[in-house]
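Step one of this worksheet: look at the structure below.
Read the figures in this text as sums done on the coordinates, not as results from a lab. All figures in this text were calculated on a predicted structure; none of them were measured in a lab. Using ideal geometry, Cβ is built from the backbone for each residue, glycine included, and neighbour counts are taken over all protein chains shown.
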Amino acid sequence: MPLGDPLYQMLELKLAIYVDFPCEMKPGILVTCADDIELYSIAEEEILRFDKPGFTALAHPSPLSIGTTHGVFVLDSHKMSTNSEMETISCLQFLHKPSIDTMRDCGAVLKRQSSCFSLSDSEFVYTDSTYYVDFDTAESLLNVLKDLGTLQCEIDAYGDFLQALGPKATIDYTNNTANVTKEERGLVEVRQKIFHLLHGTPLNVILLNNSKFYHIGTTSEYLFHLTEDVALRSELGLLSSAFSSNMNKPSEGSFGSCVMYSVLDSTCSVGSGSVVEYCRLGAGVSIGEGSLVSSCWIRVGLSVPDGVFMHSLCVNHLGQTGFVTVVFGISDNLKHSVKAPAYLEGLKLFGLSLAECLSHWEMENEVLRFSGDPSNCSLWNACLFPVCTDQQSSFLMSLEMLQAAMQGSTFTVPKETKLISMQESLQYKNLEEMLAFRMELYNGITQRNLSS
């Protein structure tokens, strides 16, 4: 996050926000996400306590549209206070990414009746964020894991645990794989075992009526909250330039772009709505508007266009250390899939069909490889990105591919170059080398700041 010297990591920010929790918490586990921020206010005499058996979850009033992409609590409105900033209540049912019709049918939609709510909408739902599991329940889950042995499927700590809770919970959700990226063997069976274990376990909800829930899990959300969202920037004291070495630092309180943990030449420019993080930018480098550039080493004079995401990683591939730079459009849907490579027209990259992009790179559709499940072809597992010997060359080659696609020209990837997917790049990532690059940036930033 763009504050602190050096920067606060999300874990440190979460620990700061939750600093008062342990004093009022019995032994157990606290589960939270790295892609959201919860800010709240309660009266001085009120205390958040995690001392009840079963599960205890924080809940935030949210618009119905937010509820469709998060977890939603179904509560008994007759048992709720109308003018309290905080209240603990039992939950009847937990809905995972429900439609608005489902929210209404299940009684999750409530009417705003109090001025202490941070939300102005007349109708709202309570959505999830962080939750606590008491020790006995956590131990029961551990015993189930021991019985199951090595899991062959991915279990969601929100959807697969919380949907089993509450007196209105049914086993129906265990067969619903609509929100699953990949349906793996044994998923339904494991879900059903979890349901039978947890069904009847209490789900207590702490209603934080005067709270705000910020989700930063997509590139668009990340860019918005770090560059445009005046409310979050002022509430957390986010900076436009944080722990960076660049001569043209923005004036205090200025908005538009965000640069953090990066070394920039004084002749560099960063467009409005863009974020640059963990990067080294040579002289004359320009970053367009609304772009996210992360962990990149960019050579002198290069230009990144508007609306793209570029991220460099060090990878261990085929017994060798290399570098890969993934590049997507900010609005690209990495999860959307087609059932076979023959349907590449259905995948959009930089606003173009993937088939059209391949033609600009002089690649045949049939040559394109997809990692993982061959019946699940998406941008996530499309092997598009060249593995290079150094970080700068990796960035340059991916940028040239991007420019060819966007300008309608051609670029030919060298014949012996290995291409891997976003999925594989994360699977093969070399964290030691990536941390070493950050340490080089750290030393460069501190030395320049000391001498300035």
| query | What spacing in nm lies between the two simple spin-label points modelled at Glu221 and Asp147, each 7 Å away from Cα in the Cβ direction? | reply | 3.4 nm
| field | Backbone N within the range 294-329 under 20 Å of label point (7 Å from Ser286 Cα along the Cβ vector) | value | 294, 297-310
| remark: With the 8 Å Cα cutoff and a minimum separation of six or more residues, the chain has a relative contact order in percent of 13 percent
| note | Under the rule rounded for a/c under 1.5, else prolate if a/b exceeds b/c, else oblate, using alpha carbon gyration tensor axes a ≥ b ≥ c, the range 293-452 is classed as prolate
| field | 37 °C / 0.692 mPa s Stokes-Einstein diffusion coefficient of the range 284-355, Kirkwood radius on C-alpha pairs, µm²/s | value | 232 µm²/s
| task | Would you mind ranking Asp265, Asp136, Asp128, Asp20 so that the residue whose beta carbon has the fewest other beta carbons within 10 Å leads the list? | result | Asp20, Asp136, Asp265, Asp128
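Within 14 Å, Cβ to Cβ, of Asp229, how many net charges do the neighbouring residues add up to if Lys/Arg are +1 and Asp/Glu are -1? Walk me through the intermediate numbers first.
Numbers: positive: Lys212, Arg233; negative: Asp36, Glu221, Glu228, Glu235.
Here the count lands on -2.
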| field | Nonlocal amide H pairs with Thr88, under 5 Å, H built at 1.01 Å | value | Leu207
| said: How charged is the neighbourhood of Gly71? Take every other residue with its Cβ under 12 Å from the Cβ of Gly71, and add Lys/Arg as +1 and Asp/Glu as -1. | reply: -3
| request: Go through the range 296-307 residue by residue and turn each phi into a ³J(HN,Hα) via Karplus (6.51, -1.76, 1.60, θ = phi - 60°); whole Hz please, and just put x for glycine and proline. | output: 10, 10, 10, 5, 3, x, 7, 10, 9, x, 5, x
| So how far, in whole Å, is the C-alpha centre of the range 403-433 from the one of the range 71-95? | 48 Å
| request: Determine which lysines satisfy two conditions relative to Lys418: a Cα distance under 19 Å, and not lying fewer than 8 residues away in the same chain. | output: Lys429
| request: Jot down the radius of gyration and Dmax of the range 10-215, Cα atoms only, both in angstrom. | output: 16.7, 51
| So, counting K/R as plus one and D/E as minus one, what does the shell of residues with Cβ under 11 Å around Leu162 add up to? | -3
| remark: Going from the fewest other Cβ atoms within 10 Å to the most, one would list Ile287, Ile206, Ile17 as Ile17, Ile206, Ile287
| Residue pairs, from the table Lys168/Lys335; Lys111/Lys212; Lys79/Lys193, whose Cα atoms sit over 22 Å apart | Lys168/Lys335; Lys79/Lys193
| field | Residues Glu277, Glu44, Glu289, Glu189 arranged by fewest to most Cβ contacts within 10 Å | value | Glu44, Glu189, Glu289, Glu277
| message | Given contacts defined as C-alpha pairs under 8 Å and at least six residues apart, what's the relative contact order of the range 121-220, whole-number percent? | response | 33 percent
| Relative packing of 362-368, 196-202, 328-334, which averages over residues the other C-beta atoms within 10 Å, highest first | 328-334, 196-202, 362-368
| field | the range 96-112 - phi-based ³J(HN,Hα) in whole Hz, Karplus 6.51/-1.76/1.60, Gly and Pro as x | value | 9, 6, x, 6, 5, 4, 5, 4, 5, 4, 8, x, 7, 7, 10, 9, 6
| For the range 61-177, what's the relative contact order in percent, using C-alpha pairs closer than 8 Å and at least 6 residues apart? | 34 percent
| Hz values of 3J(HN,Hα) by residue in the range 441-446 - Karplus curve (6.51, -1.76, 1.60), Gly and Pro given as x | 4, 4, 5, x, 5, 5
